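Just below is one structure, and these are the notes that go with it.
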Amino acid sequence: MVLSCEIRSQMKALIINCTLKQSPAFSNTGALIKKAEHLFKENKITTEVIRLVDYDVKPGNETDMGKGDEWPKILDKIKKCDILIIGAPIWMGHLASTAQRVIERLDAIFHEEGFTDEKTGQYITYNKVAGCLITGNEDGAHSCAAQVLWSMQELGFTIPPNVNAYWVGMAGAGKDYVEAGGEKYFYTNYTLRWMVANLIYFARLLRDNPIDTDLNEIKKLAKKESDKKSA
């Protein structure tokens, strides 16, 4: 059955807020995420926002670390989304540990069964796009975005151009995103809209034109080449 354009346009975006504050505490990262959520909904993209710290996510790199580990709930949401955004604060100039935990837990796709397509060897992350949002004081936004986006592409997500937006305050313990009026800051708003537009475009592009790379065949060819004895 051919789907109508309206139905076909319905895609899912998942935004993981990696703030260190549990709900319902205010989060500056959450304030920036809310603007992204609004833009996605304007474009008829079904959007869900979750806070990682509201779940009991154990350290590790397995699908389920046991003892009440709730990562499987989040992983199920990632499996079902077309667009994934990591929203993270900067702490001491570095990416928040919560965001790093998301990356570490996704490592399971490399070594556990059930995460690759049997025919092509592609990970479940293939044909999904990813981006990131960063907030904090002083510096570190570029470094944090680079760490997130590099990790996402290593995990198999597609990273379209210009899919990060950030806001950083003045040096020292100054005002945060909302206090400092960051919600009206042109560059942040500009890059946020740029990010959302490119994520939607590439998510739709991949839905209609999925990557057909046969990783199983590539692996065989690489092994054959590597096993050749020197002449």
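The values are calculated or read from the model by the stated rules, or taken from the named source; none is laboratory data. Predicted, not measured: the structure shown is a model, and the values here were computed from it. Neighbour counts are summed over all protein chains in view; Cβ atoms, including those assigned to glycine, are modelled from backbone coordinates with ideal geometry. Ligands, DNA and RNA are stripped out before the accessible areas are found, and what is left, the full protein with its side chains, is counted by its heavy atoms. Shrake-Rupley method; radii C 1.70, N 1.55, O 1.52, S 1.80 Å.
Scanning for something more than 23 Å from Asp64 (Cβ to Cβ) and either under 13 Å from the mean Cα position of the chain (by Cα) or surrounded by 15 or more Cβ atoms within 10 Å (Cβ to Cβ) (or both), does the stretch 111-120 turn up at least one residue? Among the residues of the stretch 111-120, at least one is more than 23 Å from Asp64 (Cβ to Cβ) and either under 13 Å from the mean Cα position of the chain (by Cα) or surrounded by 15 or more Cβ atoms within 10 Å (Cβ to Cβ) (or both), which makes the answer yes.
Of all residues in the stretch 128-155, those being surrounded by fewer than 19 Cβ atoms within 10 Å (Cβ to Cβ) and assigned to a loop (DSSP other than H, G, I, E, B) number 2. Among the numbered conditions (1) under 16 Å from the mean Cα position of the chain (by Cα); (2) of a type outside the set (D, E, K, R); (3) open to solvent by 90 Å² or more (accessible area, probe 1.4 Å), the only one that Ala173 does not meet is (1). Restricting the stretch 116-126 to residues that are in contact with a Gly (Cβ under 9 Å, 6 or more places away or on another chain) and not in a strand (DSSP E or B), the residue that is nearest to Ile33 (Cα to Cα) is Thr125.
The residue that is least open to solvent (accessible area, probe 1.4 Å), among those in the stretch 182-214 that are at pLDDT below 95 and in a helix (DSSP H, G or I), is Gly182.
Contact annotation: residue pairs with Cβ atoms under 9 Å, 6 or more positions apart or on different chains, pairing a residue in the stretch 176-196 that is farther than 17 Å from His142 by Cα with a partner that is open to solvent by 30 Å² or more (accessible area, probe 1.4 Å) and among the aromatic types (Phe, Trp, Tyr), are Val178/Phe26. Screening Ile85 on (1) outside any strand (DSSP E or B); (2) at pLDDT 95 or above shows it passes everything except condition (1).
In the condition set (1) assigned to a helix (DSSP H, G or I); (2) buried (at least 23 other Cβ atoms within 10 Å of the Cβ), Lys77 is compliant with all but (2).
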